[in-house]
Amino acid sequence: MCASEGVRDPTKLKAALLSDDWAVRFNASLDLVRMGNQNGIPALIEGLGHNSRVVRNFHAGQALAGLEDKAIPVLSNALESDNIRVRAAAANILQQIDGDRGNEFLSVVVDVLDSDDLEAKSDAYALLGRIGEGASGLAPQLTSALQEPHKLHDPQAWGEDPRHPITEVLAGISGPGDETTTTLVESLASSDASLRWSAVQAIGRMGEKGRSATKDLRAVAQNELEDETVRIEAAYTIAKVGVETDVADALTELLNSQSWWVRAFAARLIGEPALRSGGDSTDEGKWSPQFLDVALPPLAGALADQDFNVRRNAALALSHIGAPAETAISALRVGLEDEETGPLAAEALAEIGHASIPALVKSLDHPDHRVRGLAAYALRIINTPRALESVKDAERTGRVAPGQPMAMEYLLPQVEFEYGESMLQAFEDLYERTIASGLGTEVHYDLTYPKHEFLRFLVEFKGLLMHGSNNADIDVMNPIRFSTDAGAPGNVSGVYAAKDHLQPMFFAIVNRRRCFGLTNGFVDRKEDGTFTNGEEEVGVHSRFYFLSIDYKGLLRDPWCSGTLYILPPETFVFWGGQYTSRVPVRPLMKIAIHPQDHPLLSEIWGYEYLGTMRSMVNRDPNDQFFFLNDVDVFPVRPSGQPFATWHP
């Protein structure tokens, strides 16, 4: 059954609009408007005053914008609302419907900028960003606001700095002059790392207009006392706005940094020509011979770096360069001997192509059978007659065996243990004792068994679902979505849960205030060896996980204590890989979760969010470069765990 079945009856949805529960009204209005029914519009307008920008803009805003001209009259009326937040959101959505009307709403923006409503300001900033240079007249007011001191409640929660969106807007509305660049460069001297980081990002958004700041950016990137997140962002911005000579010099210098984080991303950036705005590049999206003359020798040297993540990203960069990186073939051939990154070196050699064949053929005689297997793997990918004949000859003589890497083995396997009789009795007693205390009772966990084992017991033996949160005071879970999701199943307003324990524990301990996103999930291996994350019951014993947060979060202690809510399954329906309840849910019980409770904490990866200014060189996810694709998405694996176990 699809979660949307039974909830899209217009008659029932219209009746739900009369509910005293705003969450119920809002959900019904979303469904109605997405069906093209205008009866849901008033509740969505009400939602424009919500304190969550996700509710205002992602849910209510997108639904109203989807109505296009039909929504204009009611949104125009909302511009006269007494609620400044509603006015700002309405102007924001109207401009999305008709992009030529942006300047009509500048008076609303001026009123908002004079207010103390940070949520309204966030919508006004978004509107100004889309208006662009047409809003340049507000630059003095924005510059003044940027220069006002601000102290973050949590110094590591950079996304909460109200000056961050101001720098973005200034970059977007800047004209051909250099006043904005000067303002942002001055911010690089701020005592607040969050503002320095914001200013560096904003200069990158200016493209060639920010090029005059390259010298200042290099000073930031090279400063070993600077926050690593700021340094990495400065490197990205140099690659984005600088001329090739400056980019090559700056990035290769950073390969000598004391910080492995900085070295890893410097290597990564050398392989990203598409970041550059053009300038004096011979061909945008390509590497000039002059750039490669400077960058290739130190990049090849980074294959021998002491840090696993630096070596991974160096191999990725060389693979992106491809055939022009043939001077690195010798270093990559040596890299085949690296137990952790040998498969990456093999795929990089395959990406270089024909010029790699002689070196790979020689490696078919290497004394280590693993190296021979990697050489054969690369030759099979190159797939020319000479390459394939060399592999067949090695197979005939017994030097290599047929084989490919197991692409799924990079996932984190289930944490296994055995249920003993005394353990099961202890878990059952704790469960019964907690249930007897009433709905929503907190589990007083005093057992000697790890907490995750008890939670798995609740999934496997009691059929319960779980929801992780930083919030410890939820009595009733209402079906309002306060975050975004890449797919439609994650974008209905509902209560989400999993028939799992480790993924919800992950949600409970990630400090969202310090992170800029997370990507996670799990798959189950069926008896025939294939994987599924569908409704088919396989069992958590055959489960494999991927758990990651945006790499910037890993740099700022992203963990906190949270709460795991144990939920009854009756109102949940499985849809698109998730269990969703469209009605409020009262937890059966809850349990405190601390970072050390998660058995996979040290294995959680850092991913690169590719929807920002980054213009990364991504491969087709269906291609055969398993190991390189992993580094493309997950540049940082803090534990040093290799991507997969190689089976030559």
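The values are calculated or read from the model by the stated rules, or taken from the named source; none is laboratory data. Everything quoted here is computed from the prediction, not taken from an experiment. Here the Cβ is made from the backbone with ideal geometry for all residues, glycine too, and neighbour counts use every protein chain on show. Ligands, DNA and RNA are stripped out before the accessible areas are found, and what is left, the full protein with its side chains, is counted by its heavy atoms. Shrake-Rupley method; radii C 1.70, N 1.55, O 1.52, S 1.80 Å.
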Quiz item: Can you work out D for the stretch 431-471 in µm² s⁻¹ from Stokes-Einstein, where Rh is the Kirkwood radius over C-alpha pairs, the temperature is 10 °C and the viscosity is 1.306 mPa s?
Solution: 138 µm²/s
Quiz item: Any number yet on Rg/Rh for the stretch 35-126, C-alpha, Kirkwood?
Solution: 0.93
Quiz item: Hey, which lysines would be in cross-link range of Lys526, C-alpha to C-alpha under 29 Å, not counting anything within fewer than 8 residues on its own chain?
Solution: Lys451, Lys462, Lys499
Practice problem: With r as the distance between the Cβ atoms of Ala472 and Gln141 and R0 = 30 Å, compute the FRET efficiency 1/(1 + (r/R0)^6) and round to 0.05. | Solution: 0.15
Quiz item: So how many Å³ per residue does the convex hull of the Cα atoms of the stretch 507-610 work out to?
Solution: 144 Å³
Quiz item: Can you give the accessible area per residue of the chain, in Å², using a 1.4 Å probe?
Solution: 41 Å²
Quiz prompt | Projected label distance in nm at Ser639 and Arg396, using a 7 Å step from Cα toward the beta-carbon | solution = 4.5 nm
Exercise. Determine the share of the chain's accessible area contributed by carbon and sulfur atoms, expressed in whole percent, with a 1.4 angstrom probe.
Key: 49 percent
Self-check item: Extreme residue, positive dipole direction of the chain, given options Gln62, Ala248, Leu567 (C-beta unit charges)
Solution: Gln62
Quiz item: For Lys70 and Glu253 in the same chain, what is the full-extension length gain: residue separation times 0.36 nm, less their Cα-Cα distance, in nm?
Solution: 60.3 nm
Exercise. Any chance you could check the Cα centroid distance between the stretch 109-151 and the stretch 423-485 for me, in angstrom?
Key: 44 Å
Exercise. Give me the number: length gained by fully extending Ser212 to Thr182, i.e. 0.36 nm times residue separation minus the C-alpha to C-alpha distance, one decimal in nm.
Key: 9.9 nm
Quiz item: Over the stretch 210-368, what is the relative contact order in whole percent, taking alpha-carbon pairs under 8 Å and six or more residues apart?
Solution: 17 percent
Quiz item: When the helix-only estimate is applied to the chain (DSSP H runs of n ≥ 4, each -39,500 (n - 2.57), divided by the residue count), what is the mean residue ellipticity at 222 nm, nearest 500 deg cm²/dmol?
Solution: -13000 deg cm²/dmol
Quiz item: Distance from the Cα centre of the stretch 14-82 to that of the stretch 323-384, in angstrom?
Solution: 57 Å
Exercise. With label points built 7 Å along Cα→Cβ from the Cα atoms of Ala219 and Thr530, find their separation and express it in nm.
Key: 6.1 nm
Quiz item: What nm distance separates the two modelled labels at Gln596 and Asp154, each placed 7 Å from Cα along Cα→Cβ?
Solution: 2.1 nm
Quiz item: When the chain is fully extended, how far beyond the present Cα-Cα distance does Lys462 get from Ile435, taking 0.36 nm per residue of separation?
Solution: 8.5 nm
Quiz prompt | Along each principal axis, Cα extent of the chain, largest first, Å | solution = 78, 74, 44
